[in-house]
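The next block holds one structure in the form of structure tokens; read it before the comments.
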Protein chains: 2
Amino acid sequence: MLSERQLFILQVLIDDYIQHVEPVGSRTISKREDVHFSPATIRNELADLEDLGFLEKTHTSSGRIPSEKGYRFYVDHLLSPTILTTADIFNIQALFNEKLEETERIFEQSAKILSELTNYTSIILGPEAIETTLKHIQLIPLGSQQAVAIFVTSTGHVENRHVILPEGIAPEEIEKLVNILNEKLAGVPLAELHKKIRDELNVVFRKYLKNHQQASLFIDDIFKWSNKDKVFFGGKTKMLYQPEFRDVEKVRILLDALEEKTVIEQLLTANNDGITVTIGQENQVEAVKNCSLIKASYSFHGKHIGTISLIGPTRMEYKRVIGLLDTISKEFTNLFNARF
Amino acid sequence: MLSERQLFILQVLIDDYIQHVEPVGSRTISKREDVHFSPATIRNELADLEDLGFLEKTHTSSGRIPSEKGYRFYVDHLLSPTILTTADIFNIQALFNEKLEETERIFEQSAKILSELTNYTSIILGPEAIETTLKHIQLIPLGSQQAVAIFVTSTGHVENRHVILPEGIAPEEIEKLVNILNEKLAGVPLAELHKKIRDELNVVFRKYLKNHQQASLFIDDIFKWSNKDKVFFGGKTKMLYQPEFRDVEKVRILLDALEEKTVIEQLLTANNDGITVTIGQENQVEAVKNCSLIKASYSFHGKHIGTISLIGPTRMEYKRVIGLLDTISKEFTNLFNARF
DNA sequence: GTTAGCACTCCGAAAGAGTGAGTGCTAAAT
DNA sequence: ATTTAGCACTCACTCTTTCGGAGTGCTAAC
């Protein structure tokens, strides 16, 4: 077990390193007002903390930097998230008070502001199809052959896709078809649409529609649901400001990885409530092993529907960031539950 | 006027520099098979070309690199766009043959492939509101207070926004309202919607709707048209591969600039037909003054509706890129005109 | 247990030397 | 009148070397 003093020194050191990004030496720590022991004493403690695996040296005679284990300990035991500053609160309030016309805009804006406030890259995963339900379907013809199918979900999200109208089907038939779809499918979770159609609706079609076979194929076409998650990035270039990414090569690897859908999925799938911090090697994705990821989930009717996260160097301003993310994710939850 | 030999040397030098990104010396040029004069001769020619402003030196005893004037000359007079390779053609064909469900997808995909093929960052400006017309409006209630307004344009683009329903307005009234809107506004260019409503529709509302004042306000709300252009990026990180962006600072400035909507507007507004090449300082935007921008526009019913462009270092593979962009922009034009 | 003192380590900046690719100029060759 | 060979010169780069400073670990005294 760590002594009171060791805890204190560890905390001071990590705080200092997070701020200055330079190995911290015993003298630096001893110079603080609230430190009443000599550099030599601190050196002894530092050596012990290093033996325990919480600290590292960049070379034999350098100061110490936190190891990943050190950060882990820091996050788990030494961290009291700072109260948000009034400026932060003001910004967040402004964000959520703004009248946002498009649902997507709120994600875009949040991602942007979050990265602006923290100087890290933010990634927001929009509502997953799984938990939202269908509100309304509309089919709008563009020409004789083409049409746009529009889906509105319970969260106010609008999805659209082009479809090719089957030849020789009368407009009235199509209208009837859409009416049936709306009647039968409203309120059904998006993920279950296809199943529901196959299991229950074919019967109905057979009953009401003349050309039911063709209609059936057509519907299959519409509902080939591309279950793509909506991912919103904010401040992708923020990492370029971090000294640990002064090397273009590193930035490239990271940014390229973030373009991969599989990577995003792997990183951001919410596995539990509240806030999760993943530090360095703890991340499953190779390119992110020198980063930390902070993830918060928001929910709708008590179920996770998306995540909000920040990615930055392992040396992250955990204190501030955790508070921020917590607040914003709660606002998200409120927003969704209040609106719809 | 430049002599035959000067033209030749200039071309060879620029080609070589574009490929190897190293100052080119007289000896390098003389080593080519098709060069039958000595390094000394070439040195004299190079000195002349430098005096004329087509070439520069990085320091007194270095080889030459093209100046921006040099590139300009190269692009204007020395360039015969290379025929696309079969691989390129194959890729483009595949892109346009793919059945793209969402209109947006084709932009996303094109941007991606374009940057993949060229290794530069691509920017595609989606159809501008100005030239497209309204096809259909739909208002879908989400709750008692909320609704989603959906706009479908003649190019199959779908726009949506949240609106707050005015209190105490009956559903039938709203339905009537939407019907009027569709009847009167279908075919009107998006940019003129608001004007048209003010000038012509208020009269109609007064006639048919009970609560016309409230409806009027409501409609104003819906049509507060956020005339935001749709911008699609491809391969934003591609520039990290370019040696001229080995400096993180430079990348940051450029990438940050590209986030600014005003910058994108300034850069990409199409001012004329065909392909435009803007080299270095010719660009109006500060952050892009060490880049080249190649821009092609595509059209719908003979009018520009958007642009496709590539941004990269001034040392760009103009030859290849121009051919590619030309092909793709033409395919875009075809696509839009064939589909709708 | 704490601290002063001291030898030791290693990084990083600065200075110097050597190399090579390239130039410009002059004078000879074509 | 061009073209070319020859040569002195320039400058970026790379390697060493040097040197100061920040930091450590250890020992012995407090």
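FYI, it's all coordinate maths here, none of it is from the lab. As the structure is a prediction and not an experimental result, all values here were calculated from the model. With ideal geometry, Cβ positions are generated from the backbone for all residues, glycine too; neighbour counts draw on all protein chains shown.
Before moving on, here are some points about what is shown:
- For region B:124-179, relative contact order (Cα pairs under 8 Å, six or more residues apart, normalised by length) works out to 28 percent.
- Spin-label model, A:Ala170 to A:Asp247: label points 7 Å out along the Cα-to-beta-carbon direction sit 7.1 nm apart.
- Calculated FRET value between A:Gln214 and B:Asp273, using beta carbons and R₀ = 51 Å, to 0.05: 0.75
- Choice from B:Thr86, B:Thr118, B:Thr132 with maximal GNM fluctuation in chain B (Cα, 10 Å cutoff): B:Thr86
- Taking the convex hull of Cα positions in region A:154-286, its mean projected area over all directions (nm²): 12.2 nm²
- Structure remark: mean-square fluctuation, Gaussian network model of chain A, C-alpha springs under 10 Å; the largest value among A:Lys295, A:Lys69, A:Lys31 belongs to A:Lys31.
- Euclidean distance between Cα centres, region A:155-180 to region A:8-79, Å: 65 Å
- Only helices enter the 222 nm calculation for the protein assembly as shown: every DSSP H run of n ≥ 4 contributes -39,500 (n - 2.57), and dividing by all residues gives -13500 deg cm²/dmol, rounded to 500.
- Ranking A:His304, A:Gly53, A:Gln19 by Cα position along the charge dipole of the protein assembly as shown, where only Lys, Arg, Asp and Glu carry charges on their C-beta atoms, puts A:His304 farthest toward the positive end.
- Measuring spread by the Cα atoms of region B:4-78 yields a radius of gyration and Dmax of 11.0, 29 Å.
- For region A:235-340, the spread of Cα coordinates along the three principal axes comes to 45, 28, 22 Å, biggest extent given first.
- For region B:134-223, the alpha carbon convex hull comes to 81 Å³ per residue, rounded to a whole number.
- The chymotrypsin sites (Phe, Trp or Tyr not before Pro) of region A:157-226 meeting both criteria, a DSSP state outside H, G, I, E and B (loop) and at most 14 other C-beta atoms within 10 angstrom of the site's C-beta, are A:Trp225.
- For chain B, the Cα gyration tensor yields ellipsoid semi-axes of 53, 19, 17 Å (square root of five times each eigenvalue, largest first, whole Å).
- Teacher prompt: B:Asn182 distances to equivalent labels in other copies, 7 Å Cα→Cβ, nm: 0.9
- Cα-based reach from A:Lys176 at 22 Å (exclusive), listing lysines while leaving out same-chain residues under 8 positions away: A:Lys135, A:Lys184, A:Lys195, A:Lys196, A:Lys207, A:Lys210, A:Lys224, B:Lys135, B:Lys176
- Neighbour counts of other Cβ atoms within 10 Å put B:Tyr241, A:Tyr74, A:Tyr120 in the fewest-to-most order B:Tyr241, A:Tyr74, A:Tyr120.
- Under a model in which nothing but the beta-carbon of Lys, Arg (+1) and Asp, Glu (-1) is charged, chain A shows a dipole of about 280 debye around its Cα centre.
- Rg over Rh for the protein assembly as shown works out to 1.03, both radii taken from alpha-carbon positions and Rh defined as the Kirkwood radius.
- For region B:184-248: Kirkwood Rh in Å [reciprocal of mean 1/r, alpha carbons]: 15.5 Å
- At most 13 other Cβ within 10 Å, DSSP loop - GluC sites (Glu not before Pro), region B:26-81: B:Glu33
- Look at the dipole of region A:1-141 built from charges on Cβ: of A:Ser3, A:Val35, A:Ser67, the Cα furthest out on the positive end belongs to A:Val35.
- Length-normalised contact order for region B:4-78 - Cα pairs under 8 Å, 6+ apart - percent: 33 percent
- Percent RCO, i.e. relative contact order, over chain B, from Cα pairs under 8 Å lying at least 6 residues apart: 19 percent
- Exceeding the 19 Å Cα-Cα cut-off - candidates A:Lys236/B:Lys289; A:Lys250/B:Lys236; A:Lys236/B:Lys236: A:Lys236/B:Lys289
- Computed about the Cα centre, the dipole magnitude for the protein assembly as shown is approximately 540 debye when only Lys and Arg (+1) and Asp and Glu (-1) carry charge, each at its Cβ.
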